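**Q** Below is one structure. I have some questions about it.
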Amino acid sequence: KPATRHPRVVEFMADIIRFVEDLIEKGFAYESQGDVYFRVEKSHNYAKLANKTLEDLELGASGRTDEETARKENPVDFALWKSAKSGEISWDSPWGPGRPGWHIECSVMSTEILGDTIDIHGGGADLEFPHHTNEIAQSEAKTGKTFANYWMHNGFVNIDNVKMSKSLGNFITVHDALKTLDGQVLRFFFATQHYRKPINFTEKVVRDAETNLKYLKNTYEQPFSGTVDSQELQAFKDKFVAAMDEDFNAANGITVVFEMAKWINSGNYDASVKQALADMLEVFGIVFI
């Protein structure tokens, strides 16, 4: 489905400045030579999302001697607002002309549009630290509330075992893939992978997905047969839910679907089983008509 909002940072510049002012007033941030930095040591459980400790980060940053580090109270403090450089686009602020830091814009736009607490926040695995870590710190410092209830970080896509990138010329978008692949096949392929792990996209695995999906379609469309044990059916339903509840483990969920398909093909198929199979597949956006 299309996104309901397409926010642009420039539309929220006044909100960003107010957000930073609030953090300064609360003692979580400070101005230094036109820059504004977040006091990381004031943030409880900083970097917990990435399984890092403040002590480890401070040790790693202790040897820095660059100009920006000299402006900070602590080398690990991160920028909320950066003073303008010559030729760089800038906006007026209480600290002089400048621009937002990398992290603050996401906190401001999300809280303005979605409220103080997001249910599910996602992104690539490379954003876990420092970006999402800093989003949590600055957002919770301002609101005093949990920033996100659940975090989902996806693995990267490889093409024939090579990381997908524009520079290598092997970059494929979903729109590109849909020019040659059926959407349901693509959904099924992704459903057989765990979202946190890297995905290796090859012609073979896609064709395998196409074959396996056809098997499930044939299973779904066969005539009813046999007498169904309702307890056995419920066991499959429970097993599927348990798999999906385990960090949205779609790959294990699909394994349950195939186990149920084998059970169906051994003579256990009626309207209730057909509905259960349809319900499971619909979780992945797969609908047989």
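Read the figures in this text as sums done on the coordinates, not as results from a lab. These figures come from a predicted structure and were not determined experimentally. Using ideal geometry, Cβ is built from the backbone for each residue, glycine included, and neighbour counts are taken over all protein chains shown.
**Q** From the square roots a ≥ b ≥ c of the eigenvalues of the alpha-carbon gyration tensor of the range 146-271, which class results: rounded (a/c under 1.5), prolate (a/b over b/c), or oblate?
**A** oblate
**Q** For the chain, calculate the relative contact order in percent as a whole number, restricting contacts to Cα pairs under 8 Å that are 6 or more residues apart.
**A** Once divided by the residue count of the chain, the mean separation gives 13 percent.
**Q** Could I ask something else about it? Expressed in nm to one decimal, what extension gain is obtained for the pair F129 and F171 from 0.36 nm per residue of sequence separation less their Cα-Cα distance?
**A** 12.7 nm
**Q** Can you put F147, F284 in order, fewest other beta carbons within 10 Å first?
**A** F284, F147
**Q** Under Stokes-Einstein, with the Kirkwood radius over Cα pairs standing in for Rh, what whole-number D in µm²/s applies to the chain at 37 °C and 0.692 mPa s?
**A** Approximately 145 µm²/s, per Stokes-Einstein.
**Q** Here are some pairs, K1/K82; K197/K239; K166/K204; K179/K204; K48/K166; which of them have Cα atoms lying more than 27 Å apart in this structure?
**A** Too far apart for the 27 Å limit: K1/K82; K48/K166.
**Q** Could you give the length gained by full extension between R5 and D22, i.e. 0.36 nm per residue of separation minus their alpha carbon distance, to one decimal place?
**A** 3.6 nm
**Q** Further question on the same structure: Just tell me which aspartates and glutamates come within less than 20 Å, Cα to Cα, of K85; anything on the same chain fewer than 8 places away is out.
**A** By straight Cα distance, K85 reaches E31, D35, D66, E67, E68, E105.
**Q** Output the antiparallel fraction of DSSP beta bridges having both residues in the chain, as a percent to the nearest 5.
**A** Percent antiparallel among DSSP bridges in the chain is about 60.
**Q** Once you place label points 7 Å from the Cα toward the Cβ at D279 and E221, how far apart are they in nm?
**A** Once both label points are built, they end up 2.5 nm from each other.
**Q** What per residue convex hull volume, in Å³, comes out for the range 48-101 when only alpha-carbon positions are used?
**A** Considering the Cα atoms of the range 48-101, their hull volume per residue is 115 Å³.
**Q** How large are Rg and Dmax for the range 205-289 when only the alpha carbon atoms are used, in Å?
**A** Expressed in Å, the Cα Rg and Dmax of the range 205-289 come to 12.4, 36.
**Q** On to the next question. What is the diffusion coefficient of the range 82-159 in µm²/s, taking the Kirkwood radius over Cα pairs and the Stokes-Einstein relation at 10 °C with a viscosity of 1.306 mPa s?
**A** Stokes-Einstein gives a translational diffusion coefficient of 112 µm²/s.
**Q** Restricting to DSSP loop positions (anything but H, G, I, E, B) with no more than 16 other Cβ atoms inside 10 Å of their own Cβ, which GluC sites (Glu not before Pro) remain in the range 184-289?
**A** E246
**Q** In vacuo Debye scattering of the range 1-144, one point per C-alpha: log10 I(q)/I(0) at q = 0.15, 0.18 Å⁻¹?
**A** Log10 I(q)/I(0), no solvent term: -0.78, -1.12.
**Q** Another question, if that's okay. In deg cm²/dmol and to the nearest 500, what is the mean residue ellipticity at 222 nm of the chain if only DSSP H runs of at least 4 residues count, each as -39500 (n - 2.57), divided by the residue total?
**A** Theoretical 222 nm ellipticity from helices: -13000 deg cm²/dmol.
**Q** From Cα pairs below 8 angstrom and at least 6 apart in sequence, can you work out the relative contact order of the range 9-154, rounded to a whole percent?
**A** 26 percent
**Q** Rounded to the nearest 0.05, what FRET efficiency do V241 and A84 have when you use their Cβ-Cβ distance and R0 = 51 Å?
**A** Working from the Cβ atoms, E equals 0.40.
**Q** Here is a further query. Of A148, A177, A50, which has the largest mean-square fluctuation in a 10 Å C-alpha GNM of the chain?
**A** Maximum fluctuation in the GNM of the chain, among the listed residues, is at A177.
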